[in-house]
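Derivation of every value follows stated rules applied to the coordinates shown; laboratory data play no part. Everything quoted here is computed from the prediction, not taken from an experiment. We place every Cβ from the backbone using ideal geometry, glycine too, and count neighbours over all the protein chains shown.
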Amino acid sequence: MADLRAMLLEELRHIAPEADYDLLDDDDSLRDELDLDSMDFLKFVQSVSTRTGVDVPELDMPQLDSIEGAIAYLEERL
Amino acid sequence: MADFLMPSLGADMDAATLVEWTVKPGDTVKRGDVVAVVETDKGAIEIESFEDGVVSELLVEPDAKVPVGTPLARIGDATPTSSGGTPPPQQPVPEATRPEAPVPGTAPETRRPEAPAPAPAPETVPTPAAATPKPTPAATTHGLRASPAAKARARELGIDLSTIQGSGPDGAVVLTDVPGEATRAAAPNRPPAADPAEAMRRAVAAAMSRSKREIPHYYLGTDIDMTEAMAWLEKHNAGLSVNDRVLYAALLIRAVAMAARKYPQFNGTYEGDRFHEPDGIHVGVAVSLRTGGLVAPVIRDADKLNVDEVMAHLTKIVERARNGRLRNSDMAGATITITNLGGRGVPVVYPVIIPPQVAIVGFGRIADRPWVVDGEIAVRPVMNATLAADHRVTDGHPGGLFLRAIERFLAKPHKLEGDA
């Protein structure tokens, strides 16, 4: 899980490098807290998919809108 | 032999500072190759060659501020250079017969600089893979790979690029890697760098002030049931991998483009006291920058692209805008613009027209709302669309028809698919 968390944060930092990640709780909405628009969020999901090899169907994308949601989703499929 | 002129970079931008050349005399260039990087109030812009040829002479030194239309270089016929890399002998052309280098990305009748809404790449420009500039010594710094915008910003701040950890492809330094607050290295001969955010703000302020000063806006809004559009999108994306997925923004762009085809008086520019109908429908897409400010790169011929192509173009220009790698061909030639603030949770947008265009459409968030369906109350995903249009060109009646056309296209999204 620590590796997944680090990977997720690394990908988020590519998209929103200026955000304060110390204030990001694991259950916070990434789109709201990091000001990710639809293009940003799609890019995040694409990056995570590429890094993990897990394809994320469109209907599942909202599950990756938090660190804890993304970790739970990925752990089930890895 | 032709003069390579400083191209139009958008309205209210009539000059730019040359940051660096990415070619040298003797280099062969193809149309669409990046040949230089310039700095504007809206950030660094990559300048593309508009023809094939061999660079014979560079006429401007870096750090020079160059007005639009000024010769930057001379490009000769695409003949092989000598083995030593020396350019072919210059063939002076009499002034009367010297061909005028076209301004890429602009319609023939709108040569003057346009609003700072970036424009999509012209249809005839090679694909991004083919347009990749040849590597030259000037393309790297101390052997490091860095985007032109990153190099420009680092140079401006006096930062050694080798001290920056790159986050781009293969460790390349991109704009967002360059620290915003950095101690400037001693650069006694360089004037103090302007704050890029402040410069961007001034550019936006100039364009929006001009818009409100010159354009008599009228506004019309409508609520659109997005049930069919979202269902179509879900079905379209169902079999696609995440890398090929289409966002609903692509449908909005197609809907506006198709409506503009039906009502061309909303697609064009107003200059010289009259409306000019352009050579196509080129939709500007407002993109907010994480560093602050706004650009509007363009998707050309959006009415002729299918939804997947629109999405591919949208992805490319947003990426370029956010990485500070917009090209001159992205920056000019928009004939109508959209701004979508739905992702920010805004219910209604009252947009401001980007001069010299005559219309802009704002889209708000999609939210479940009570809606009457066959006489009964249902819950439907509803989105507001607001048209701002130039009253010198159109009135409320055609404006209403135009908005209704957008609504009807989104209600029947199969009409937006385009040819595969």
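Put in order of Cβ neighbour count within 10 Å, fewest first, the listed residues A:35, A:55, B:273 become B:273, A:55, A:35. Please give me, ordered by residue number, the GluC sites (Glu not before Pro) of region B:333-420 that lie in loop per DSSP and have at most 15 other Cβ atoms within 10 Å. Of the GluC sites (Glu not before Pro), the ones in loops of region B:333-420 whose Cβ has at most 15 other Cβ atoms within 10 Å are B:417.
Our note on the geometry: Cα centres of region B:252-282 and region A:34-58, 34 Å apart.
Look at the stretch A:44-55: the mean tally of other chain Cβ atoms within 10 Å of its residues' Cβ atoms is 2.
Of the GluC sites (Glu not before Pro) found in region A:1-50, those in coil by DSSP whose Cβ has at most 15 other Cβ atoms within 10 Å are A:18.
For region B:1-74, which chymotrypsin sites (Phe, Trp or Tyr not before Pro) are in a loop by DSSP, counting at most 11 other Cβ atoms within 10 Å?
On the way: sites: B:4, B:21, B:50; in loops: B:50.
When the chymotrypsin sites (Phe, Trp or Tyr not before Pro) of region B:1-74 are filtered for loop state and at most 11 Cβ neighbours within 10 Å, nothing remains.
Note on region B:296-420: Kirkwood radius taken over Cα pairs, Stokes-Einstein applied at 4 °C and 1.567 mPa s, translational D equal to 79 µm² s⁻¹.
Residues whose amide H lies under 5 Å from that of residue B:73, counting only those 5 or more places away or on a different chain, are B:4, B:59; hydrogens are built 1.01 Å from N in the peptide plane.
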